[in-house]
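Notes to accompany the following structure.
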Amino acid sequence: MLRRRGRFAELIARQLDLFRQEHADLLRQCQDALAAYERADRDEAEELYGDYVDLVESGTELLADVRDGYATTLDEDAAGEYELAFNRAVARTLPPFGLEIENR
């Protein structure tokens, strides 16, 4: 059975690949911050988790900027379809950033 891809699938895949390339340091910082939190003693854990959340929020904002910038080039119906597809792709391929992308 063939899986049908949406009309924005290729575009979004390229946008997310470019995001990964341009923001590789941020992605690495997120991984490092999560690892530090997971290794932390109870006394340090809250602060380290806050550091992780701050990094994830920064990445989520950057992704929302990409999404919103492109959506402005589309008519209202297409923009809604694109935004939904973009949010789903982020949640699937960049899970930490997918948790809040719909709220941005």
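The values are calculated or read from the model by the stated rules, or taken from the named source; none is laboratory data. As the structure is a prediction and not an experimental result, all values here were calculated from the model. Counting neighbours? That spans all protein chains shown, and the Cβs are built from the backbone with ideal geometry, glycine included.
Some points to look at:
- Meets criteria (of a type in the set (Gly, Ala, Ser) and surrounded by fewer than 18 Cβ atoms within 10 Å (Cβ to Cβ)) for Ala79: yes
- From the options Ala64, Ala85, Ala45, Ala40, residue that is of a type in the set (A, V, I, L, M, F, W, C) and under 18 Å from His23 (Cβ atoms): Ala64
- Every pair of residues 6+ apart whose Cβ atoms lie under 6 Å, when the first sits in segment 62-83 and is β-branched (Val, Ile, Thr) while the second is modelled with pLDDT of 95 or more: Val66/Gln15
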